[in-house]
Amino acid sequence: GVGPFTLLLETRADWLLRSARRFERALSAAAAAGLRLAIFLVGIENFSQPELDRFNKGIRAEDNVRFLDALWRWKERHGPAFSLDHASFGFVLFTPWTRMEDLATNLTAIRRTRFDLLRGKILLSRLRLYPDTALYYLARRDGLFADRYENEHENSSRRYGYQPAQPWRFIHQEVAHFAAVAAEAVERTNGHDEVVLFQRL
């Protein structure tokens, strides 16, 4: 008798997968009570295993795919008791170390999981480097700090209202070019048909 309301869940993909049967029971209970469960904050971060390993996420890329498949399955089975409307998934497409192979892997997974329906502006998502993170020191070790951003597309801290972060440069120039063209195209199209744009690039 306390509903209706939506309960926002912050979790990890691997945790929810391990608790899938319990979560199924929770969805059934929510439906009976007239409540809604919503996945809220989850750090997907990337679908390329080398990037995930660099992030020290402690998760396998295939688990991210299985997690997203489960979300769509629960949405289909449990209808109003399960919402994806509040999903706010952490994702970082570009890092100083990103390779073209990482981009191809991410595109394949994004298309397979329909991740673009849950997270916008994928082609603008860049790593932010701060001194309280290990990646900051990894980038410094690799000589990847830059004096400034080449353009405002690169400054994701300003775009999302975060504290100023350390500018950085890409190791691979073909990825730097890809990122620059992608950012310009996303701005021109306002992020529409982003997966099509990703594929074309």
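The values are calculated or read from the model by the stated rules, or taken from the named source; none is laboratory data. In this text the structure is predicted, and so the values were computed from the model without any measurement. For neighbour counting, all protein chains shown are included, and Cβ atoms are generated from backbone atoms with ideal geometry for every residue, glycine included. Accessible surface areas use protein heavy atoms only, side chains included; no ligands, DNA or RNA. Shrake-Rupley method; radii C 1.70, N 1.55, O 1.52, S 1.80 Å.
Run the helix sum for the chain: -39,500 (n - 2.57) per DSSP H stretch of 4+ residues, divided by residue count, reported at 222 nm to the nearest 500 deg cm²/dmol.
Result for the chain: -14500 deg cm²/dmol, rounded to the nearest 500.
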- Could you list which residues have their amide H under 5 Å from that of Leu129, counting only those 5 or more apart in sequence or on another chain, with H placed in the peptide plane? Gln166
- Hull-based mean projected area of segment 75-201, where the convex hull spans the alpha carbons, in square nanometres: 9.1 nm²
- Item | At 1.306 mPa s and 10 °C, Stokes D of segment 1-57 from Kirkwood alpha-carbon radius, µm² per second | 121 µm²/s
- Message: Using only the Cα atoms of segment 1-152, what are the Rg and Dmax in Å?
- Response: 17.8, 59
- Query: Using a Gaussian network for the chain with springs between C-alpha atoms less than 10 Å apart, which of these wobbles most: Leu68, Leu117, Leu107?
  - Reply: Leu117
- Task: Take every DSSP beta bridge whose two residues both sit in the chain, then give the antiparallel share in percent to the nearest 5.
- Result: 15 percent
- Note on the structure: Kirkwood calc, segment 108-165, C-alpha pairs only, radius in angstrom 13.3 Å
- For the chain, built as a Gaussian network whose Cα springs stay under 10 Å, the top-fluctuating residue of Asp116, Asp147, Asp69: Asp147
- Not counting the cut sites, what is the longest span of the chain without trypsin sites (Lys or Arg not before Pro) that DSSP labels loop and that have at most 15 other Cβ atoms within 10 Å? 1-59
- Give the relative contact order (percent, whole number) for the chain; include only Cα pairs under 8 Å separated by 6+ residues. 19 percent
- Query: If one takes the longest principal axis of the Cα atoms in the chain, at what angle in degrees, from 0 to 90 and to the nearest 10, does the Cα axis of helix 173-189 lie?
  - Reply: 60 degrees
- In segment 1-36, the chymotrypsin sites (Phe, Trp or Tyr not before Pro) that fall in loop regions by DSSP, at most 16 other Cβ within 10 Å: Phe5
- Mind putting a number on the dipole of the chain about its Cα centre? Charges go on the C-beta only, +1 for Lys and Arg and -1 for Asp and Glu, and I need it in Debye to the nearest 20. 620 debye
- Query: Which value, in Å², gives the accessible area per residue of the chain when a 1.4 Å probe is used on the protein heavy atoms?
  - Reply: 55 Å²
- Mind listing which GluC sites (Glu not before Pro) in segment 145-184 are in a DSSP loop and have 13 or fewer other Cβ atoms within 10 Å? Glu150
- Counting other Cβ atoms within 10 Å, keep those with at most 16, restrict to DSSP loop, and tell me which GluC sites (Glu not before Pro) in segment 1-79 are left. Glu10
- Carbon-plus-sulfur fraction of the accessible area of the chain, 1.4 Å probe, in percent? 50 percent
- Task: Can you send over the solvent-accessible area of His172, 1.4 Å probe, protein chains only, in Å² to the nearest 10?
- Result: 60 Å²
- Item | Amide hydrogen neighbours beyond the local backbone of Phe91, cut-off 5 Å, H modeled | Glu45
- Task: Enter the angle in degrees (range 0 to 90, nearest 10) between the Cα long axis of helix 100-113 and the first principal axis of the Cα atoms of the chain, meaning the one along which they spread out most.
- Result: 20 degrees
